[in-house]
Structures are given as structure tokens and as C-alpha cells.
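Working notes, beginning with the structure itself.
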């Protein structure tokens with residue numbers, strides 16, 4: 001079974017809610033050549049494409065690429081807003097839609113639950129509801145309205161996820177400080193900002209003792225883990241030589257690599273080889289980033305298969321398929 005673990009969907013109802021209530025942080029604008037893009041604080045990051053809300057089209061494209069199953073998720077801004085009520089409603093709306101989609105296509109779709117992280121108590125409740133509806137895991141966006149995922153405020157959510165034994169898909173957004181970083185220029189958030197967001201989040205977790213506190217969590221890192229495969233040696237050396245880097249845990253960051261999976265959404269053979277070297281072929285998964293404009297089911301699958309990665313068995317074991 002070929003399982004696409006990095007693939008997104010939204011619904012028109014979700015987009016309508018975001019149009020009405022997402023401002024001023026999230027705004028919509030028409031592109032010069034037609035179509036729309038969503039900006040976060042003026043930084044473009046989400047180009048709207050019709051396959052994002054057309055489940056029949058998704059299944060057709062999966063068939064064409066030879067993909068058997070997709071684990072769909074709600075991309076950024078997910079259900080994470082300063083307005084807690086909006087966060088709660090967005091999470092419920094999308095989890096209901098994903099559960100309905102799985103019912104419509106029971107042999108083709110699974111889903112990661114969206115949680116209202118800005119309201120931890122509500123997030124724990126929504127997690128239980130999503131699990132009851134059949135969620136196969138949880139998506140966590142790399143920062144929660146600017147706050148790190150390791151913030152103690154989110155400990156109840158992580159405790160509930162850990163107890164449920166669900167895989168977590170760590171996905172980036174536009175990172176905090178986007179204006180100072182100049183990410184609006186050249187639309188730098190998708191190529192650079194996203195991988196920075198993931199890299200910072202997982203590095204903080206590795207230094208923080210996160211994986212000791214939550215021993216059952218298995219985490220899938222988007223986009224080949226950002227820059228983690230390139231930097232894991234540096235993280236270890238800094239842990240050994242800089243006291244602040246080991247203040248959270250006596251264990252080297254590399255000691256927790258067996259808790260991580262990488263999704264294979266990389267675009268060169270050398271990058272993929274480094275991912276495999278970092279976590280091992282047994283922790284590589286197929287992901288496409290469909291239906292975003294850089295998403296490519298056939299291309300990413302071909303590259304992964306060229307290295308004879310056992311991604312089919314890896315996904316079946318991780319998700320209990």
C-alpha cells in the first residue's frame with residue numbers, strides 16, 4: 001500500500017470562515033495572473049488551488065499517480081488563532097469534514113486531527129472527539145500563534161496525545177518575525193521560512209527534554225525534517241560544548257532520532273540520501289505536499305522508490321493499516 005502522509009485539504013466552509021474572521025492577520029488577495037493567495041501579516045504563504053477542496057479530484061489524482069491512501073491534514077493556519085472561539089470552531093469544522101471524507105472513501109483516506117491549541121482545555125476535548133471519529137493522528141503547527149510547542153501551557157495537550165499513542169505530523173507555517181526576516185520578498189516563506197520554522201521547533205524539542213516527557217510520541221517531520229538532517233551533528237556538538245544547550249536534557253539530540261520520521265518531501269537525490277542517513281530507511285515515509293503548487297505525488301514517489309526505501313511497510317506499521 002502506497003500511503004501519502006503529507007497531503008492537505010481544506011473546505012469551502014473553512015475558507016469562508018477564514019475570510020470572515022481571520023483578519024487582520026490572515027487576508028486574501030487576488031494574484032496578478034488570477035487566482036488567490038492568503039497572506040499572514042502581509043507575507044504570502046498559501047496559494048488557493050481548486051483541488052484543495054475537491055475530494056473527487058483528489059481521488060482521481062491519486063489513481064493517476066498510483067497512490068493507494070492519503071492521510072489528509074489541514075495546513076496552516078490550521079485551527080490556531082488568537083480568538084479561541086474561532087480556533088475551536090475551525091477545528092470542529094475540519095475534523096467533521098475529514099471524518100465525513102473518510103466515511104465516503106474508507107479505503108482511500110485517513111486524517112490528522114486539527115486541534116485548537118490556543119485553548120488547551122478545548123484541544124484536549126477535541127482530541128478525544130477526533131479519536132472517537134477515527135482520526136489516525138494529530139497535526140501540530142510548529143508555533144502556536146508565535147509561542148513554541150514546548151511552552152508549558154501546551155503540556156496537557158501533549159499528555160493527551162502521548163496517552164492516545166497517536167503519530168504527530170509536525171508542519172510549519174510562516175515563522176514568527178516574518179517582517180524582520182523579509183519573507184514577503186520573493187515569497188520566501190514557502191522555500192525558506194517553512195523549513196526554518198520546522199527546524200527551530202524540532203531543535204527546541206530535542207534540547208528541551210520533550211521526548212523524555214512524552215515517551216510514546218512518534219513525530220513525522222514535514223519537508224524532510226527541514227534542515228535537521230544537515231544540522232543534527234551540529235546540535236550534538238553544541239550540546240556537548242555549550243552548557244545552555246544541555247540544560248533541558250543530558251541526552252544528545254541524536255539519541256532521539258528513533259522517535260522521528262521524515263516525509264521525503266525533498267527535491268534532490270542528495271537531500272533524500274541525507275534524510276535516509278539521518279533516521280534510517282525504516283523511518284522514511286512517502287509525502288507529496290499535494291495539492292499545493294509544489295506538490296507532486298508521482299515525482300516524490302519516484303525519487304523515494306529510486307532509493308528502495310520501504311515506505312509502504314513503514315506507513316502501514318506507523319498507522320496500523
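No lab work stands behind these numbers, since they all come straight from the coordinates. As the structure is a prediction and not an experimental result, all values here were calculated from the model. Please note: Cβ atoms are built from the backbone with ideal geometry, for glycine as well, and neighbour counts cover all protein chains shown.
When the chain is fully extended, how far beyond the present Cα-Cα distance does residue 12 get from residue 313, taking 0.36 nm per residue of separation? Present the calculation step by step, with values, prior to reporting the outcome.
Values: separation 301, 0.36 × 301 = 108.36 nm, distance 3.43 nm.
Working it through step by step, the gained length comes to 104.9 nm.
Roughly speaking, what is the stretch gain from residue 238 to residue 216, that is 0.36 nm per residue apart minus the C-alpha to C-alpha distance, in nm to one decimal?
Working: separation 22, 0.36 × 22 = 7.92 nm, distance 2.64 nm.
Length gained between residue 238 and residue 216: 5.3 nm.
Here the label points at residue 64 and residue 230, each 7 Å from Cα along the C-beta direction, are separated by 3.2 nm in the simple model. When a/c reaches 1.5 or more, the comparison of a/b and b/c decides; with that in mind, is the stretch 3-319 rounded, prolate or oblate per its Cα gyration tensor? Cα axes put the stretch 3-319 in the rounded bin.
To the nearest 0.05, how large is the calculated FRET efficiency for residue 36 and residue 147 if R₀ is 22 Å and r is the Cβ-Cβ distance? About 0.15, to the nearest 0.05. Can you bin the stretch 225-321 into rounded, prolate or oblate? Criterion: square roots of the alpha carbon gyration tensor eigenvalues sorted a ≥ b ≥ c, rounded for a/c under 1.5, prolate for a/b above b/c, oblate for the rest. Judged from the Cα gyration tensor, the stretch 225-321 comes out prolate (a/c at least 1.5, a/b above b/c).
The stretch 182-240 and the stretch 275-298 have Cα centres separated by 16 Å.
If one computes the Cα centroid of the stretch 123-164 and of the stretch 52-106, what distance in Å separates the two points? Here the answer is 17 Å between Cα centres.
A simple spin-label model places pseudo-atoms 7 Å from Cα toward Cβ; at residue 1 and residue 47 they are separated by 3.3 nm.
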